[in-house]
Amino acid sequence: MNWLAEHWFLLALFALYSGLLMHNAWVGQRLTRHVGDYYVGGRNLGGVAVGISFFATFASTNTYIGHAGRGYAWGLPWFTLAIFILVFVVLSWRFVGVDLRRYAHRWDALTLPDFLAARFPDAASPDRLRVASAVVIAFCSLLYLVAIFKGAGNLFEQFFDIPYQGAVLLTLVIVMAYTSIGGFVSVVRTDVVQGVLMIMGALTIFYFVTAAAGGVARIGELAESPETSHLFEWNAGVPFAVLVGIALSGSLKLLVDPRQLSRFFALRDERQVRIGVWVSSLGLLIVMGGLFPIGLYAHFLMDNVVDTDLIVPTLVSDHAVFPPMVADFLIVAIVAAAMSSMDSVLLVAASVLSRDIVSIRFPSLPTLGVTRLAVIGFALVGAVIALHPPGGIVEITIFSGSLYAVCFFPAIVLGLRWRGGDANAVLVSMSGGVIVLLLWISSGLSDSLHEVFPALVVSCAFYAWFGADAARR
């Protein structure tokens, strides 16, 4: 009873937030008449809504908890990732979004494997590239789900003082309900609400953490202290080549991640692309500007941190830093950050499983029904794995980003601008990139050079070599 009396504001906000999710699920269901509505909102969405959805989908608990905390260990150089992300947001909209939207409309592509199958037709085995790309997307989506579940679970565990397993279950129930019911329309409508909450939450965290640390200007003391001066040096917390590799793999997925690219499929016209790039860039700038410095200021508030994923949850639950009602609001804001990515990941994974794998083997099954069941299935499997996650939030998300980059960068970025290439070139580039990526990691070479560099070079080289051969034929 004491907890309920203390956190009545949280319960009220959470009830309002959950009500909005369910309302958007109902609206999405009402507007969903066929598969195209469920997958890409009938290709009739505007740039403002899609732009907010784009940044809200990208900035999840990996930003609020993983990225915000990592600055504690790696210091100012960690801001390299934020700079890369902003650059690649613009590149994604300007150099991928315009053409991808046009071709998706022309070929009636609803998923990324749809687009790849239309761009690289394979007369010998028409479904080979579609199925292979769908398997990659499903696997990477599952990894990302695990990271989001871990972040939300850490937050609920710290704040509600409930077991981690119960915290993961709570996250599962919420996101599974509205995503499976409403589809893409529900996801985008909800992302608009969640994007606003995320911006407010990032600014609120920055204000109260810096105030508790003694003010914004106090960061200079860290540079002057022998114990923390390394936080302002390159190659101190992490080798520079590794840091750039992490930043590259964490931002390259903005060009190739299916949950980001699906936003382009849904835009009404090219004018909406010009609007969306400004909206998404500004949103991410505010969110990252508020969150990335938190790890540095945490040095004034916490000692001997072992797991940096716990910094933000611990601070939020500390009433010396955040007044109770402010902390209650931040819980909802961070939950919104988790949900905004989780719903998109679930929808993309379920879509490719249903449309690009199951429908090929069992064409008589109803695609829409199978997709809704797949949303539930992916959510359950992700939650189970998250009970014993294979790594930290940043490590999991960066690895999934690396896989996306080496598998899809040549086919999407080069494929949109070069007439060469065929299905075989794409499959060889995917296979070669993944093999080099895994070998580089297993050999321990990632400690000196991030695995995304050699893997991406091999992937692009294979695509260019075999693609040129196909063009000559």
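The numbers here are math on the coordinates, done by the rules we state, and not lab data. Owing to the predicted nature of the structure, the values given are computational and were not obtained by experimental measurement. Cβ coordinates were reconstructed from backbone atoms using ideal geometry, including for glycine residues, and neighbour counts include every protein chain displayed.
If a/c stays under 1.5 just call it rounded; otherwise compare a/b with b/c (prolate if a/b is bigger, oblate if not). Do that for segment 322-473, with a ≥ b ≥ c from the square roots of the Cα gyration tensor eigenvalues. Oblate, because a/c is 1.5 or more while a/b does not exceed b/c.
When only the Cβ of Lys, Arg, Asp and Glu is charged (+1, +1, -1, -1), the dipole of segment 2-394 relative to its Cα centre reaches about 1700 debye. Here is how the number arises for the chain: DSSP H runs of 4 or more residues each give -39500 (n - 2.57), the sum is divided by the residue count, and the result at 222 nm is -23500 deg cm²/dmol.
Simple rule: put +1 on each Lys or Arg Cβ and -1 on each Asp or Glu Cβ in the chain, find the dipole, and look at T204, L13, S364; the Cα lying farthest toward the positive end is S364. When each of the peptides 361-373, 90-102 is scored by how many other beta carbons lie within 10 Å of its residues on average, the order from highest to lowest is 90-102, 361-373. For the chain, what ratio Rg/Rh do Cα atoms give with a Kirkwood hydrodynamic radius? We get a ratio of 0.97 for the chain.
What the phi angles of segment 417-429 give under the Karplus curve with 6.51, -1.76 and 1.60, with θ = phi - 60°, is a coupling list of 10, 10, 6, x, x, 8, 4, 5, 4, 5, 5, 5, 5 Hz, glycine and proline written as x. Ranking S429, A337, G75 by Cα position along the charge dipole of the chain, where only Lys, Arg, Asp and Glu carry charges on their C-beta atoms, puts S429 farthest toward the positive end. For segment 132-141, 3J(HN,Hα) computed residue by residue from phi via the Karplus equation (6.51, -1.76, 1.60; θ = phi - 60°) reads 4, 5, 5, 5, 4, 5, 4, 5, 5, 4 Hz, glycine and proline entered as x. Among C460, C407, the order by Cβ neighbours within 10 angstrom, fewest to most, reads C460, C407. Entry note, the chain: relative contact order of 32 percent, from Cα contacts under 8 Å with a spacing of 6+ residues. Look at the dipole of the chain built from charges on Cβ: of T190, G47, I294, the Cα furthest out on the positive end belongs to G47. Going by neighbour counts of Cβ atoms within 10 Å, the residues M302, M339 line up, fewest first, as M302, M339. Paramagnetic label reach from W107 (point 7 Å along Cα→Cβ; backbone nitrogen cut-off under 18 Å): within segment 238-273, residues 255-267. Derived scalar couplings between HN and Hα for segment 443-452 equal 7, x, 6, 5, 5, 10, 8, 4, 4, 5 Hz in order, rounded to whole Hz, by the Karplus curve 6.51 cos²θ - 1.76 cosθ + 1.60 (θ = phi - 60°), x for Gly and Pro.
Computed on segment 275-418, with alpha-carbon pairs under 8 angstrom and 6+ residues apart, the relative contact order is 15 percent.
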